[in-house]
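These notes concern the structure reproduced below.
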Amino acid sequence: MNISVRNLAALGVLGAVLVGCGGTGGGAGGHPASRATATTGPTSTASTASPTGTGSASPGATSAAGSKPVPARTAPPTLAPAPGGLTPVFTHRAKSAEKVVALTFDADMTADQGPRAARGEHFDNPQLIGTLRRLKVDATVFMTGRWAEEYPDQARAIGGDPRFEIANHSYSHYAFASPCYGLPTVAGPDMAADVRRAFDAFRNAGAVNVVPYFRFPGGCYDDAARRALAPTGVTAVQWDVVSGDAFAKDADAVAEQVLDGVKPGSLVVMHCTRSAAPVTETAIRRIVPELRARGYRFVKVSELMSR
């Protein structure tokens, strides 16, 4: 089984599970097909841009008050299916002519971690989201359905803020290929349903800005997983810059790793769970001004994919 996990050395201590605005994350997608599709021009169709739970507005819809029409939301860009009908994989915008970078944050919580949350473990990080707002940083949050169920108010607030978009990080944060850092594994026939269940959780929480993108838990995937997810119409999104923030204790080391790795068109993976990535917010306060001083602009994945 060809597990697609790149830059393992850069990941630092991943342990069995990285937990996360939330959370966990893992290796970068190094599968040959992901490198091939990452530079493919995006397509945008009704079938692939609106998987279950995206909640796009319909043309001519009216507001709750019924006084003004609500403009139709532009469908987020997606990549065309890879050869063989496999789910496409996007890692970054290669040879970008503009200094843009996408910061992404995994909001992870596994299906069985409710008791830990009940005992006071924080799988969220409101301070990080607040800092991104204060610094006026657009970002994409890859959220698990279980996280949205645990923190519905935060999911709704993030998904209602035009600076952010919510992407799918599975419902349960179980692996879609094995081995994957000790994560339990979703059975092949259940993979598409797991993804749809997460979209349902976002919709039930009231999140609006939901995009048809999916990040494999732990960054682990193979062709069987890509084939299983094809019916959902998602584009898989990995990264080209690993922040190393999971379980890190040195915010400057995290910031330096990001600053050293970013190039025009980069896509950075970070986390926003206080328990598993406690220094991320501090690192962001250094990363953002330094990248802006270099001329970079922060964009959501949907914008990066459309460039």
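The values are calculated or read from the model by the stated rules, or taken from the named source; none is laboratory data. Since the model is a prediction, treat every value here as computed from it, not as a measurement. Neighbour counts are summed over all protein chains in view; Cβ atoms, including those assigned to glycine, are modelled from backbone coordinates with ideal geometry.
Quick grid of which residues meet (1) surrounded by fewer than 24 Cβ atoms within 10 Å (Cβ to Cβ); (2) basic (Lys, Arg); (3) in contact with a Ser or Thr (Cβ under 8 Å, 6 or more places away or on another chain); (4) in a loop (DSSP other than H, G, I, E, B):
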{"site": "ARG196", "(1), (2), (3), (4)": "yes, yes, yes, no"}
{"site": "VAL208", "(1), (2), (3), (4)": "yes, no, no, yes"}
{"site": "ARG226", "(1), (2), (3), (4)": "no, yes, yes, no"}
{"site": "ALA236", "(1), (2), (3), (4)": "no, no, yes, no"}
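Kindly check whether there is at least one residue in region 203-221 that is among the charged types (D, E, K, R) and over 22 Å from VAL269 (Cβ atoms). Yes: one or more hits. If you go through region 239-260 and pick out every residue that is in a loop (DSSP other than H, G, I, E, B) and either under 21 Å from the mean Cα position of the chain (by Cα) or within 28 Å of PRO88 (Cα to Cα) (or both), you end up with 8. Would you check which residues across region 84-128 are in a helix (DSSP H, G or I), out of contact with any Asp or Glu (no Cβ under 8 Å at 6 or more places or on another chain) and among the aliphatic types (A, V, I, L, M) and list them? Answer for region 84-128, where residues must be in a helix (DSSP H, G or I), out of contact with any Asp or Glu (no Cβ under 8 Å at 6 or more places or on another chain) and among the aliphatic types (A, V, I, L, M): just ALA118. Inside region 153-177, residues that are assigned to a loop (DSSP other than H, G, I, E, B), more than 15 Å from ALA230 (Cβ to Cβ) and touching a Pro at 6+ places or on another chain (Cβ under 9 Å) make up a count of 5. VAL186 meets each of the listed conditions (1) surrounded by 21 or more Cβ atoms within 10 Å (Cβ to Cβ); (2) at pLDDT below 95 apart from (2).
Residue-wise test of (1) in contact with a Ser or Thr (Cβ under 7 Å, 6 or more places away or on another chain); (2) at pLDDT below 50.
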| site | (1), (2) |
| --- | --- |
| THR39 | no, yes |
| ALA49 | yes, yes |
| GLY53 | no, yes |
| VAL70 | yes, yes |
| ARG73 | yes, no |
| PHE90 | yes, no |
| ARG93 | no, no |
| ALA107 | yes, no |
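Residue count for region 147-171, restricted to those that are in contact with a Gly (Cβ under 8 Å, 6 or more places away or on another chain) and surrounded by fewer than 22 Cβ atoms within 10 Å (Cβ to Cβ): 4. Taking region 81-123 as the range and being within 11 Å of LEU304 (Cβ to Cβ), crowded, with 21+ Cβ neighbours inside 10 Å and in contact with a Phe, Trp or Tyr (Cβ under 9 Å, 6 or more places away or on another chain) as the test, the residues that pass are PHE90, THR91, HIS92, VAL101, ALA102, LEU103, THR104.
Residue-by-condition table, conditions (1) out of contact with any helix residue (DSSP H, G or I) (no Cβ under 8 Å at 6 or more places or on another chain); (2) of a type in the set (Phe, Trp, Tyr); (3) modelled with pLDDT of 95 or more; (4) under 19 Å from ALA201 (Cβ atoms):
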{"residue": "LEU128", "(1), (2), (3), (4)": "no, no, yes, no"}
{"residue": "PHE142", "(1), (2), (3), (4)": "yes, yes, yes, yes"}
{"residue": "ARG156", "(1), (2), (3), (4)": "no, no, yes, yes"}
{"residue": "PRO162", "(1), (2), (3), (4)": "yes, no, yes, no"}
{"residue": "HIS173", "(1), (2), (3), (4)": "no, no, yes, yes"}
{"residue": "PHE176", "(1), (2), (3), (4)": "no, yes, yes, yes"}
{"residue": "TYR181", "(1), (2), (3), (4)": "no, yes, no, no"}
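Condition check: more than 27 Å from ARG116 (Cβ to Cβ), crowded, with 19+ Cβ neighbours inside 10 Å, of a type in the set (Val, Ile, Thr) and touching a helix residue (DSSP H, G or I) at 6+ places or on another chain (Cβ under 7 Å). Does VAL262 satisfy that? Here the answer is yes, as VAL262 does meet what is asked. Consider region 267-301 and keep the residues that are among the polar types (S, T, N, Q) and surrounded by 24 or more Cβ atoms within 10 Å (Cβ to Cβ). The one that is nearest to ARG134 (Cα to Cα) is THR280. Given the criteria over 15 Å from the mean Cα position of the chain (by Cα), among the aromatic types (Phe, Trp, Tyr) and closer than 24 Å to SER172 by Cβ, does PHE199 qualify? Taking the combined requirement at face value, the residue does not satisfy it.
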